[in-house]
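The values are calculated or read from the model by the stated rules, or taken from the named source; none is laboratory data. Worth saying up front: this structure is predicted, and the values here are computed from it rather than measured. Positions of Cβ are backbone-derived with ideal geometry, glycine not excepted, and every protein chain shown enters the neighbour counts. The accessibility values were calculated without ligands, DNA or RNA, using every heavy atom of the protein model including side chains. Shrake-Rupley method; radii C 1.70, N 1.55, O 1.52, S 1.80 Å.
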Amino acid sequence: MHFLGHRSNPRDYFAAADVFALTSREDPFPLVNLEAATAEVPTVCFDEAGGSKEFVEDDCGFVVPYLDVEAMAGRVVEILTTPGLRDRLGRRAAEKVRERHDIEVVAPKLLELIESRLRKVAESRA
């Protein structure tokens, strides 16, 4: 494990990683999950620490009990030592980013939501 501080080229570091251990105790939806996932890096995160588990689920990393660092370490080791696991989880992580979070996917949904709300406001004023 290396603590590198701020870097201007984080994608290079994600690309070199084997696993991303998100040690945050609280974060509503850390975009760093998506950054790691685009590099096909699986994530291990804490349950009840924010929105990470909703992305990781059971197919692109592991969610461990809140603040259970031993469980986190165990899952990191599992990813590193189980043949094919890191690649399978990492590929799925990248797919999920493209399927759920790409601007081409999200923007039309957001536009429809905004237009729907505007129609409701206009109808209520009519």
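Under 5 Å between amide hydrogens, built in the peptide plane, is the criterion, and for PHE20 it picks out THR43, VAL44 among residues at least 5 positions away or on other chains. Taking amide H as placed 1.01 Å from N in the peptide plane, the amide H of GLY50 sits under 5 Å from that of ASP27, each at least 5 places away or on another chain.
Semi-axes of the range 67-126's equivalent ellipsoid from the Cα gyration tensor, sqrt of 5 times each eigenvalue, largest first, rounded to whole Å?
On the way: eigenvalues 380, 50, 6 Å².
Semi-axes (√(5λ), whole Å): 44, 16, 5.
Among LYS96, LYS53, LYS109, the residue with the largest mean-square fluctuation in a Gaussian network model of the chain, with springs joining Cα atoms closer than 10 Å, is LYS109. P(r) for the range 1-79, from all Cα pairs and a bin width of 5 Å, is 3, 16, 27, 27, 19, 6, 0 %, short bins first.
Per-residue counts of other Cβ atoms within 10 Å, averaged by peptide: what ranking do you get for 117-126, 56-65, highest first?
The peptides rank, most packed first, as 56-65, 117-126.
A DSSP coil position with no more than 12 other Cβ atoms inside 10 Å describes the following chymotrypsin sites (Phe, Trp or Tyr not before Pro) in the range 1-59: PHE3. Once C-alpha pairs closer than 8 Å and six or more residues apart are averaged by separation and normalised to the residue number of the chain, the relative contact order reads 22 percent. Backbone amide hydrogens, once placed in the peptide plane, bring VAL64 within less than 5 Å of CYS45, PHE46, ASP47, excluding anything fewer than 5 places away on its chain.
Quick check: convex hull over the Cα atoms of the range 21-126, volume per residue in Å³, rounded to an integer? Intermediate results must be reported in sequence, preceding the final value.
Values: hull volume 10.5 nm³, N = 106.
Considering the Cα atoms of the range 21-126, their hull volume per residue is 99 Å³.
Membrane-span-like helices in the chain, defined here as complete DSSP H runs extending at least 15 Å along the helix axis by their C-alpha atoms with mean Kyte-Doolittle hydropathy no lower than 0.5, are 69-81; this is a sequence and geometry rule, not a statement about a membrane.
Can you give me the % of accessible surface on the range 17-126 that is carbon or sulfur? Probe 1.4 Å, all protein chains present, nothing else counted. Whole-percent figure for carbon plus sulfur exposure: 55.
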